[in-house]
Amino acid sequence: MKLEEAKKRVHALKEEIQVHNRAYYELDRPTISDAEYDLLVRELVALETAFPELVTPDSPSQRVGGKPLEGFKAVRHREPLLSLGNAFSGEDLLSFHHRVTQAVGGDKVEYVVEFKIDGLTVALSYQNSLLVTGATRGDGEVGEDITQNLKTIATVPLQLNSPVAVLEVRGEAFMPKKAFLRLNEDREEAGAPVFANPRNAAAGSLRQLDPKVAASRQLQVFVYDILYLDGASIDTHGEALKYLEQQGFLVNQERFCSGDMEQVISYIRHWSEKRHELPYEIDGMVLKVNDLSQRRELGATSKAPRWAIAYKFPAEQARTRVTDIMVR
Ligand SMILES: NC(=O)c1cnc(OC2CCCC2)nc1N
């Protein structure tokens with residue numbers, strides 16, 4: 001095959017793989033079998049091996065990186081990754097709303113309510129639309145460089161869809177329930193210790209020094225916050241989420257925008273009851289002031305923003321299975 005022909009085929013393969021990724025991960029409606037998908041990736045890798053000049057940073061072949069690391073480098077975040085204050089009742093939410101309304105001088109306040117994905121926070125940094133660093137939250141100021149592992153996650157863009165000088169985003173890495181159950185079955189069979197919950201499984205997977213292990217764990221990342229953006233102007237959180245979607249990130253489609261606390265509270269109650277139907281675990285909901293200028297007015301304490309709060313669902317009654325006791 002000549003270079004020109006290979007170039008066309010490589011381009012077509014990358015497009016097709018991208019379409020299947022979106023269908024599989026975002027719409028949860030795979031359009032081809034895993035085997036057919038693997039064939040496409042294998043053909044792409046073979047062509048890139050034969051014609052190295054055709055390799056581009058955004059190629060799926062660049063996802064499962066090099067050899068295992070000796071350890072993780074420290075990464076200082078450009079902006080501190082704040083934590084969230086907690087609410088445990090309707091009253092807590094109403095007093096949060098009262099504080100916010102006071103601080104913005106009585107103006108109307110609108111909230112965006114999102115799932116609180118029960119995973120681990122990750123920060124992704126892009127320069128000139130290319131993924132440069134992926135890091136854990138760490139202590140909020142300094143995290144661990146887990147770029148090699150995050151690149152293996154198909155829904156983490158290696159290259160953004162439109163030009164932007166600097167974009168730093170925050171998201172939640174998590175393991176879907178099905179992948180968690182399957183992983184624990186495999187570990188039980190192999191005599192390895194099982195993970196207590198999907199959050200621990202996701203954290204354990206991203207702390208692996210060998211990216212091939214992370215690549216095998218079917219992790220996902222929902223992105224939900226812009227930490228830093230140089231290259232576009234955005235006025236509300238709703239616009240920010242749409243911008244992130246356009247850039248190619250996986251953004252959770254389920255969210256509710258309202259200034260009416262009655263509606264907000266009933267929306268939270270709805271998901272408190274229905275969360276078990278979700279394909280991933282959530283441990284609450286997050287309320288965020290939608291208007292970014294009101295957020296600037298509200299500011300943050302040293303630890304948490306004044307413009308957001310987490311509503312925590314009551315902890316599951318820890319079921320101690322009989323087998324657990326017997327095994328011990
Ligand atoms: N676990 C989640 O799904 C989640 C966590 N945090 C936030 O927002 C924080 C980030 C910026 C201040 C509030 N949103 C979320 N959806």
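The values are calculated or read from the model by the stated rules, or taken from the named source; none is laboratory data. Worth saying up front: this structure is predicted, and the values here are computed from it rather than measured. Glycine also receives a Cβ, built like all others from the backbone with ideal geometry; neighbour counts cover every protein chain displayed.
Observations, loosely collected:
- Failed criterion for Asp230 (all others in (1) surrounded by 19 or more Cβ atoms within 10 Å (Cβ to Cβ); (2) at pLDDT below 95 hold): (1)
- Matching residues, the range 305-328, being part of a loop (DSSP other than H, G, I, E, B) and modelled with pLDDT of 95 or more: Arg306, Trp307, Phe313
- For the condition farther than 30 Å from Glu110 by Cα, at pLDDT below 95 and in contact with a strand residue (DSSP E or B) (Cβ under 9 Å, 6 or more places away or on another chain), Arg207 qualifies.
- Qualifying position, being touching a Lys or Arg at 6+ places or on another chain (Cβ under 8 Å), in contact (Cβ under 8 Å) with a residue 12 or more places away in the chain and away from the ligand (no atom under 16 Å from the Cβ), among Pro211, Pro193, Pro198: Pro211
- Residue in the range 83-102 that is more than 18 Å from Val223 (Cα to Cα), modelled with pLDDT of 95 or more and in a strand (DSSP E or B) present: yes
- Condition met for Glu114 (out of contact with any Pro (no Cβ under 9 Å at 6 or more places or on another chain) and over 30 Å from Glu4 (Cβ atoms)): yes
- Beta carbons closer than 9 Å, at least 6 apart along the sequence or on distinct chains, pair a first residue in the range 242-270 that is over 30 Å from Leu130 (Cα atoms) with a second that is loosely packed, with under 13 Cβ neighbours inside 10 Å for Gly259/Lys108.
- Filtering the range 283-320 to residues that are polar (S, T, N, Q) and near the ligand (Cβ under 10 Å from one of its atoms) leaves nothing.
- Pairs, first closer than 12 Å to Phe313 by Cβ and in contact (Cβ under 8 Å) with a residue 40 or more places away in the chain in the range 275-286, second aromatic (Phe, Trp, Tyr) and near the ligand (Cβ under 10 Å from one of its atoms), C-beta under 6 Å, six or more apart: Ile282/Phe115
Matching residues to (1) over 22 Å from Arg207 (Cα atoms); (2) aromatic (Phe, Trp, Tyr); (3) in contact (Cβ under 8 Å) with a residue 40 or more places away in the chain:
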{"position": "Val55", "(1), (2), (3)": "yes, no, no"}
{"position": "Gly66", "(1), (2), (3)": "no, no, yes"}
{"position": "Lys73", "(1), (2), (3)": "no, no, yes"}
{"position": "Leu81", "(1), (2), (3)": "no, no, yes"}
{"position": "Gly90", "(1), (2), (3)": "yes, no, yes"}
{"position": "Ala103", "(1), (2), (3)": "yes, no, yes"}
{"position": "Ile117", "(1), (2), (3)": "no, no, yes"}
{"position": "Val122", "(1), (2), (3)": "no, no, yes"}
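- In summary, Tyr280 fulfils each of the numbered conditions (1) outside any strand (DSSP E or B); (2) more than 12 Å from the ligand (Cβ to nearest atom); (3) surrounded by 13 or more Cβ atoms within 10 Å (Cβ to Cβ) with the single exception of condition (2).
- Among the residues of the range 97-115, those identified as over 26 Å from the mean Cα position of the chain (by Cα) and either under 24 Å from Asp283 (Cα atoms) or not hydrophobic (A, V, I, L, M, F, W, C) (or both) are His97, His98, Arg99, Val100, Thr101, Gln102, Gly105, Gly106, Asp107, Lys108.
- Residue check: Arg269 meets all listed conditions (1) closer than 25 Å to Arg99 by Cβ; (2) surrounded by 14 or more Cβ atoms within 10 Å (Cβ to Cβ) but one, namely (2).
- Listed conditions (1) closer than 30 Å to Gly143 by Cβ; (2) aliphatic (A, V, I, L, M); (3) away from the ligand (no atom under 14 Å from the Cβ); (4) not in a loop (DSSP other than H, G, I, E, B) are all met by Leu69, apart from (4).
- Residue in the range 162-170 that is touching a Ser or Thr at 6+ places or on another chain (Cβ under 7 Å) and within 16 Å of the ligand (Cβ to nearest atom) present: yes
- The single residue among Val113, Val75 that is away from the ligand (no atom under 16 Å from the Cβ), farther than 18 Å from Gln220 by Cα, assigned to a strand (DSSP E or B) and modelled with pLDDT of 95 or more turns out to be Val75.
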